[in-house]
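K.L.:
Just dropping this structure here.
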């Protein structure tokens, strides 16, 4: 019953713009992954620029993440994870850097800020990019799996 009350209070109240801004902030780092894959040597400058403009440097800076935005936040996070997977197959030699950046800005599946609902929504949105990445470069499955394990808690090699 508590979940219903929480959900209905989210629907009936005006949107909390500070909460919605958190969705925009996480969504804004999506291009960071493509930018790093285009010019890995500029990664430090790109990361610093993203931190300065997005206004956060780690997922805990966005905490707490309200239940009312968990779906939108999870979708934005999943889009970013898909972008990370695509960047990994473009620049597999920089996969460690890309995964570290993703863990920092997007949080791991183990971070307290990433609830199971947020992670479930992230999985749904990350799936197309992960599938495309595996189809494009199947030999990079281990690196994509490393990312998936860290960010989504899903082992892609498990049968």
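K.L.:
Name the most mobile residue of 89, 101, 124, meaning the one with the largest mean-square fluctuation, in a Gaussian network model of the chain with Cα contacts below 10 Å.
P.N.:
Fluctuation is largest for 124.
K.L.:
Mind sorting 143, 58 by how few other Cβ atoms lie within 10 Å of their own Cβ, fewest first? If you can, show how the numbers build up before the last one.
P.N.:
Numbers: 143 21, 58 15.
Ranked by crowding around the Cβ, least crowded first: 58, 143.
K.L.:
How high is the relative contact order of region 17-152, in percent, counting Cα pairs under 8 Å that sit 6 or more residues apart? Please list the in-between numbers first.
P.N.:
Details: 172 pairs, mean separation 41.6, N = 136.
Over region 17-152, the number comes to 31 percent.
K.L.:
Separate question: From the C-alpha gyration tensor of region 73-159, pull out the three semi-axes of the equivalent ellipsoid (sqrt of 5λ each), sorted largest to smallest, in whole Å. Walk me through the intermediate numbers first.
P.N.:
Details: eigenvalues 72, 34, 26 Å².
Equivalent ellipsoid semi-axes, largest first: 19, 13, 11 Å.
K.L.:
Can you give the angle from 0 to 90° between the axis of helix 141-152 and the longest principal axis of the chain, with both taken from C-alpha atoms, to the nearest 10?
P.N.:
20 degrees
K.L.:
Alpha carbons only, please: Rg and Dmax for the chain, in angstrom.
P.N.:
In order Rg, Dmax, the Cα atoms of the chain give 15.8, 52 Å.
K.L.:
Among 123, 136, 71, what is the fewest-to-most ranking by other Cβ atoms within 10 Å?
P.N.:
Numbers: 123 20, 136 12, 71 16.
Neighbour counts put them in this order, fewest first: 136, 71, 123.
K.L.:
Ignoring solvent entirely, what values of log10 I(q)/I(0) come out of the Debye formula for region 102-145 at 0.24 Å⁻¹ when each Cα is a single scatterer?
P.N.:
-0.90
K.L.:
Another question, if that's okay. Arranged by the count of other C-beta atoms within 10 angstrom, fewest first, what order do 147, 31 take?
P.N.:
Details: 147 24, 31 14.
So the residues, fewest neighbours to most, are 31, 147.
K.L.:
Angle check, please: helix 2-12 long axis (alpha carbons) against the longest principal axis of the chain (alpha carbons), in degrees 0 to 90, nearest 10.
P.N.:
90 degrees
K.L.:
For the chain, take the longest principal axis of its alpha carbons; what is the angle in degrees between that and the long axis of helix 70-90, to the nearest 10 within 0 to 90?
P.N.:
Approximately 0 degrees, to the nearest ten.
Throughout, read-outs are computed from the coordinates displayed, never taken from laboratory work. This is a predicted model, so every value here is computed, not measured. With ideal geometry, Cβ positions are generated from the backbone for all residues, glycine too; neighbour counts draw on all protein chains shown.
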